[in-house]
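Chemist: Before I ask anything, here is the structure I am working with.
Readers should treat all values here as calculations from the given coordinates under stated rules, not as data from a laboratory. None of these values were measured; they are calculated from a predicted model. All Cβ positions, even for glycine, are placed from backbone atoms using ideal geometry, and neighbour counts span all protein chains on display.
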Amino acid sequence: MNQSHLTYLASPEWAETLRTELLPWLREAGGLGDDVLEIGPGPGLTTDLLLQLTDKVTAVEVDPRLAAQLHARLPHTRAEVIHGDASTVDLAANRFTAATCFAMLHHMESSQAQDRLFSTVHRLLRPGAPLLGTDSIDTEMIRNAHIDDTYVPVNPAALDERLRSTGFIDVMVTTTSEHQFRFSARKPRD
């Protein structure tokens with residue numbers, strides 16, 4: 001992630017956007033349960049929000065520096081920080097009461113890697129548990145913010161089928177602004 005993008009994701013402005021836009025949506029989406037998987041927390045501002053809504057957060061971060069910083073910032077809390085690739089992380093199947101991924105899918109190296117992540121998340125969720133996420137829409141402004149980054153945009157129009165093909169149901173994809181969309185899906189009950 002380029003430094004200006006990372007700086008923004010750790011800024012008070014981004015924290016306020018999350019508080020006023022993401023937090024209300026998460027509350028409206030229903031209970032997250034007591035054991036949430038967070039994929040790609042970056043600096044951890046979303047982890048802070050999730051800790052307001054659930055008993056335990058397991059945050060999986062691929063960047064070793066960001067994982068170490070988040071671990072150091074959240075010692076002795078209800079958050080466990082794991083440095084690793086969330087698409088291959090070794091965690092128990094059917095464990096989590098919800099999974100989240102906020103503005104991170106486009107940082108994965110390919111759409112195939114994104115689909116592997118969806119399959120892994122499906123395996124890790126309890127039956128009936130939701131996947132909740134956000135990502136950016138491919139616009140010139142967003143592309144310019146990702147210069148020197150890995151940037152693989154997610155087409156919101158294709159996301160429904162991609163999530164369903166990995167086993168999710170009740171998929172909803174909603175455009176929230178010219179630059180962002182939200183999505184939710186659920187692992188079927190047995």
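Chemist: What's the longest uninterrupted piece of the chain once you rule out the GluC sites (Glu not before Pro) that are loop residues per DSSP with at most 10 other Cβ within 10 Å?
Modeler: Numbers: sites that count: E109, E178.
It works out to 1-108.
Chemist: Work out the FRET efficiency for R73 and S165 from their Cβ-Cβ distance, taking R0 = 45 Å, and round it to the nearest 0.05.
Modeler: 0.75
Chemist: Search the structure for amide H atoms under 5 Å from the amide H of I82, placed 1.01 Å from N in the peptide plane, and list their residues when 5 or more places away or on another chain.
Modeler: A59, V60, E61
Chemist: May I ask you to derive the FRET efficiency for R19 and H179 from their Cβ-Cβ distance with R0 = 25 Å, giving the value to the nearest 0.05?
Modeler: Values: r = 18 Å, r/R0 = 0.73.
Once rounded, the FRET efficiency stands at 0.85.
Chemist: Which of the three applies to the stretch 146-190, rounded, prolate or oblate, going by the alpha-carbon gyration tensor with a ≥ b ≥ c and a/c under 1.5 meaning rounded?
Modeler: Verdict is prolate for the stretch 146-190.
Chemist: Report the extension gain between H5 and D34 in nm, rounded to one decimal, defined as 0.36 nm multiplied by the number of residues separating them, less their alpha carbon distance.
Modeler: 7.3 nm
Chemist: Which residue, L50, L91, L163, tops the fluctuation ranking in a GNM of the chain built on C-alpha contacts under 10 Å?
Modeler: So, out of L50, L91, L163, the one fluctuating most is L91.
Chemist: Distance between the C-alpha centers of the stretch 98-166 and the stretch 21-72? Whole Å please.
Modeler: Cα centroid of the stretch 98-166 versus Cα centroid of the stretch 21-72: 16 Å apart.
Chemist: Please give the calculated 222 nm ellipticity per residue for the chain, where each DSSP H segment of at least 4 residues contributes -39500 (n - 2.57) and the sum is spread over every residue; nearest 500 deg cm²/dmol?
Modeler: Estimated from H runs of four or more residues: -9500 deg cm²/dmol.
Chemist: Kyte-Doolittle mean at least -1.0 and Cα extent at least 15 Å along the axis: which DSSP H helices of the chain qualify?
Modeler: Going by DSSP H runs, the hits are 111-124.
Chemist: Quickly work out the A157-to-D115 label distance, labels modelled 7 Å from Cα along the C-beta direction, and quote it in nm with one decimal.
Modeler: 1.9
Chemist: Then there is this: When Rg is the radius of gyration of the Cα atoms in the chain and Rh is its Kirkwood radius, what does Rg/Rh come to?
Modeler: 0.92
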